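The values are calculated or read from the model by the stated rules, or taken from the named source; none is laboratory data. Predicted model only: the values in this text are computed from it and were never measured. FYI the Cβ positions are ideal-geometry reconstructions off the backbone, even for glycines, and counts take in every protein chain you see.
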Amino acid sequence: MKPPAGHVSRLMAFRLLLHRFTFLTLMMIAFGLMLLGKAETLLVDRLRAGIGDAFTPLLEILSRPAANVAILVENVRHLVMLRAENTRLHEENVRLLHWQAVARHLEGENHALRSLLKVVPGPTASFISARIIAVTDGPFVRSALLNAGRRDGVRKGQAVVTGAGLAGRVDRVGSLSASILLLTDIHSRIPVVVTPSRNRALLIANKGTLQLIYMIGDGPIAPGNRVVTAEDAYAFPPDIPVGIVTHVKDSLIEVKPFVNTSTIEYALLVDYGLSGILPDITLKREDR
Amino acid sequence: MWTVIGVGYWSIVRPDLIRPSFSFFTGVFEDLLCGAPLGLNALVLLCVHTAAASQKRFFLYKSFLFWWFIFAFIALFAIFFKWFLFSLIADTVTRLREILLSYCLTVLIYPAFGRLFASLEVLLAKDE
């Protein structure tokens, strides 16, 4: 049975209207999503974790050839710079041998002093190794996706380190994957200590550089000072290397990170059982 | 910016396949997967789609160099629009040098993707 002609024309007119206003409607939805992202962070985080979980197997497969290409490029680069690298390594070896002797001496002294003072040892850390399967390293977002999630023991707030130092912290956790907020992301805030002055500060990423703000302490800061994590607010385990001070001018202190966040392949998640980063409320609800 | 290349190309060549809603949801998916503010890429891709599709008649039957040149304009608009929106949402201003670097990279890799898409377009036309 055919629908009445008037009904069809009304339907057509509605479709035409819908088509004409598609752009406007979608634009309004996009602005709505922006507001939702600001207001309902938990819901959005759960969505992100779900998407991350769903695409982890695919990204894992895709990341392998990309990693192989990166290794090949790196090998060629090393071959080109072999002679200069060899000289640098010789010099570094001499320097490290000196520091090894100093470290052994200090280790012995530290052990003796600890036993004299009956120092209670700090909490022991547990580690989870994971592969980085996707890195977003653009001007707007700097994050990475790991192929380990809640089922592997990953928790929100765990420090993410590589052999060189701190790379970031776990930001969102799905059951199969987890997202890292890299320390170069503009939303990253890391409590740090500058050595040797022991001044405390907050490390932030601003306009493409890492900077120290809210400095506490009057000790002098100079280029070459090391920056390590602080245990403030129980967010991070102490003394994880973060970077080195490169530039000091008035209140502007710039830091160069030890880790090149765009080339990480594997990462270690350090768990000291700290509770500084707010846990997911949803997880708490699930636990009840 | 990879998605800008795809949406910019296909919304001109095959608007019957790439609808505004497709560009919008591609952006939402990118936002969710990459950790960008939700709605940011959705809005940018939607605007790229509309800008490119509205100029379809102007684009067709022109040389590849012309396409490349026009794409450079669309990408410039896209990245500055994104920068503006991101600065509003995140309440911070991203360094202009990084924005320009990302833009140059996107424009430079366009020919490779353009050629690939052109071959794909021929294959699709044959199938139909």
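Condition (residue is within 13 Å of the chain's Cα centre (by Cα) and among the polar types (S, T, N, Q)) applied to region B:107-119: is it met by at least one residue? Within region B:107-119, not a single residue is within 13 Å of the chain's Cα centre (by Cα) and among the polar types (S, T, N, Q). Of the residues A:LEU17, A:LEU42, A:LEU35, the single one that is in contact with an Asp or Glu (Cβ under 8 Å, 6 or more places away or on another chain), over 17 Å from B:GLU30 (Cβ atoms) and assigned to a helix (DSSP H, G or I) is A:LEU42. Scanning region B:73-128 for residues that are free of Cβ contacts under 8 Å to residues at least 60 places away in the same chain, under 22 Å from B:PRO37 (Cβ atoms) and more than 10 Å from every other protein chain (Cβ to nearest Cβ) yields B:LEU76, B:PHE77, B:PHE80, B:PHE81, B:PHE84. Of the helices (runs of 4 or more DSSP H) that lie entirely inside region B:1-63, those containing 1 or more residues that are surrounded by 24 or more Cβ atoms within 10 Å (Cβ to Cβ) and more than 7 Å from chain A (Cβ to nearest Cβ) span B:2-13, B:20-34, B:40-54.
Quick one: is A:GLY138 modelled with pLDDT under 85 and surrounded by fewer than 22 Cβ atoms within 10 Å (Cβ to Cβ)? Judged against the criteria, A:GLY138 is a match.
Inspection of region A:52-65 identifies at least one residue that is among the acidic types (Asp, Glu) and touching a residue at least 12 places away in the same chain (Cβ under 8 Å).
Among the residues in region A:23-46, are any more than 10 Å from chain B (Cβ to nearest Cβ), hydroxyl-bearing (Ser, Thr, Tyr) and either closer than 26 Å to A:SER177 by Cα or exposed (fewer than 11 other Cβ atoms within 10 Å of the Cβ) (or both)? No, because not a single residue in region A:23-46 is more than 10 Å from chain B (Cβ to nearest Cβ), hydroxyl-bearing (Ser, Thr, Tyr) and either closer than 26 Å to A:SER177 by Cα or exposed (fewer than 11 other Cβ atoms within 10 Å of the Cβ) (or both). Here A:VAL245 fits the description: under 30 Å from A:ILE71 (Cα atoms), in contact (Cβ under 8 Å) with a residue 40 or more places away in the chain, out of contact with any Ser or Thr (no Cβ under 7 Å at 6 or more places or on another chain) and surrounded by 14 or more Cβ atoms within 10 Å (Cβ to Cβ). Taking the numbered list (1) free of Cβ contacts under 8 Å to residues at least 40 places away in the same chain; (2) farther than 20 Å from B:ARG95 by Cβ; (3) among the hydrophobic types (A, V, I, L, M, F, W, C) in turn, A:VAL193 passes all entries but (1).
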